[in-house]
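S.K.: Structure below; questions to follow.
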Amino acid sequence: MKLVVASHNKGKVREIEALLAPLGFEIVGAENLEEPEETGATFEDNAILKARAACDATGLAALADDSGLSVEALDGAPGIYSARWAGETKDFRAAMARVERELHGRNSKAKFVCVLALAKPGEAVQTFRGEVHGRLAFPPRGDKGFGYDPIFVADGMSETFGEIDPALKHSISHRAKAFEKFVKSL
Ligand code: IMP
């Protein structure tokens with residue numbers, strides 16, 4: 001089955017390709033497709049609108065994801081705005097500093113969330129949500145991950161996602177869990 005991966009992020013597309021090629025999917029890039037504006041209020045909304053747009057534009061099944069960090073004491077922020085908090089220059093040091101400033105010492109419970117959306121022509125979009133729960137730790141530690149990894153410590157661990165082996169992170173992450181659900185649904 002041909003599947004459009006609705007992302008301009010080459011790293012993400014490669015990662016998804018590696019996961020899905022053994023299952024017999026032929027992955028089609030979406031470099032030439034315009035990315036819709038992320039106007040949704042939830043991870044589900046944004047994943048659905050990206051998958052729907054790519055499906056409508058190509059007539060093929062399309063998979064999209066939306067993800068981010070959700071901090072309990074900040075009512076779920078930065079949430080769907082996780083990438084936007086880092087600004088045009090993708091300055092995650094600044095975004096992490098803002099999280100620390102807004103939290104100012106309160107309960108540091110947090111989770112990473114990933115929602116995958118699968119759109120097929122003429123069918124309702126299906127979504128799959130994965131979460132990994134933990135807490136925030138300041139100052140940021142480790143340079144192995146990306147985004148907010150240096151301030152996130154998963155439950156049961158003492159090192160941040162920026163410090164642990166990436167293979168370990170990939171085996172327990174929000175993205176892995178969403179993918180497990182997606183693959184199980186096939
Ligand atoms: P998206 O690519 O629009 O879904 O943006 C997701 C944003 O959430 C990224 O830019 C990161 O800031 C953050 N994020 C999502 N997953 C992770 C992760 O595994 N580690 C660190 N940050 C993440």
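The values are calculated or read from the model by the stated rules, or taken from the named source; none is laboratory data. Worth saying up front: this structure is predicted, and the values here are computed from it rather than measured. Here the Cβ is made from the backbone with ideal geometry for all residues, glycine too, and neighbour counts use every protein chain on show. With ligands, DNA and RNA removed, areas are computed over all heavy atoms of the protein, side chains included. Shrake-Rupley method; radii C 1.70, N 1.55, O 1.52, S 1.80 Å.
S.K.: Kindly state, to the nearest 0.05, the FRET efficiency for ARG14 paired with ALA57, given R0 = 30 Å and r defined as their beta-carbon distance.
M.R.: Efficiency at R0 = 30 Å is approximately 0.90.
S.K.: In addition: Tell me the relative contact order for region 54-175 as a rounded percent, counting alpha carbon contacts under 8 Å between residues six or more apart.
M.R.: Rounded, it is 22 percent for region 54-175.
S.K.: Any chance you could check the Cα centroid distance between region 7-61 and region 169-186 for me, in angstrom?
M.R.: Their Cα centres are 16 Å away from one another.
S.K.: Just to be sure I understand the model, the point goes 7 Å from the Cα along the line to the Cβ. What's the resulting GLU26 to HIS133 distance in nm?
M.R.: With each label placed 7 Å out from Cα toward Cβ, I get 4.3 nm.
S.K.: Report, in degrees rounded to the nearest 10, the 0 to 90 angle that the Cα long axis of helix 92-103 makes with the longest principal axis of the chain.
M.R.: Result, in degrees: 60.
S.K.: If one takes the longest principal axis of the Cα atoms in the chain, at what angle in degrees, from 0 to 90 and to the nearest 10, does the Cα axis of helix 43-58 lie?
M.R.: 30
S.K.: Here's another thing I want to ask about it. With all protein chains present, how much of the accessible area of region 11-60 (probe radius 1.4 Å) comes from carbon and sulfur, to the nearest whole percent?
M.R.: The C+S portion of the solvent-accessible surface of region 11-60 is 50 percent.
S.K.: Right, next: Send over a whole-number figure in Å² for the accessible area per residue of region 2-185, probe 1.4 Å.
M.R.: Numbers: 9430 Å² over 184 residues.
With all protein chains present, region 2-185 gives 51 Å² per residue.
S.K.: Suppose each label sits 7 Å from its Cα in the direction of the beta carbon; what would the GLU37-ARG141 distance come out to in nanometres?
M.R.: In this crude label model, GLU37 to ARG141 measures out at 4.2 nm.
S.K.: In Å³ and rounded to a whole number, note down the convex hull volume per residue for the Cα atoms of the chain. All intermediate terms of the calculation are to be shown ahead of the outcome.
M.R.: Values: hull volume 21.5 nm³, N = 186.
Roughly 116 Å³ of hull volume per residue.
S.K.: When ranked by the protection proxy of mean other Cβ atoms within 10 Å per residue, highest first, what sequence do the peptides 20-26, 135-141 form?
M.R.: 135-141, 20-26
S.K.: Something else about it: For the chain, take the longest principal axis of its alpha carbons; what is the angle in degrees between that and the long axis of helix 10-20, to the nearest 10 within 0 to 90?
M.R.: 70
S.K.: Pop out the ³J(HN,Hα) list for region 163-175 in order, Karplus 6.51 cos²θ - 1.76 cosθ + 1.60 with θ = phi - 60°, rounded to Hz; leave Gly and Pro as x.
M.R.: With the stated coefficients, region 163-175 comes to 9, 6, 4, x, 5, 5, 4, 5, 7, 10, 6, 3, 5 Hz.
S.K.: To continue, here is another question. Using the beta-carbon distance between ARG98 and MET157 and R0 = 22 Å, what value does 1/(1 + (r/R0)^6) give for FRET efficiency, to the nearest 0.05?
M.R.: Computed FRET efficiency for ARG98 and MET157 comes out at 0.40.
S.K.: Same structure, new question: How about LYS177: which aspartates and glutamates have a C-alpha closer than 18 Å to its C-alpha, ignoring those fewer than 8 places off in the same chain?
M.R.: Once the sequence-local aspartates and glutamates are set aside, what remains near LYS177 is GLU15, GLU17, GLU44, ASP65, ASP66, GLU131, ASP149, ASP155, ASP165.
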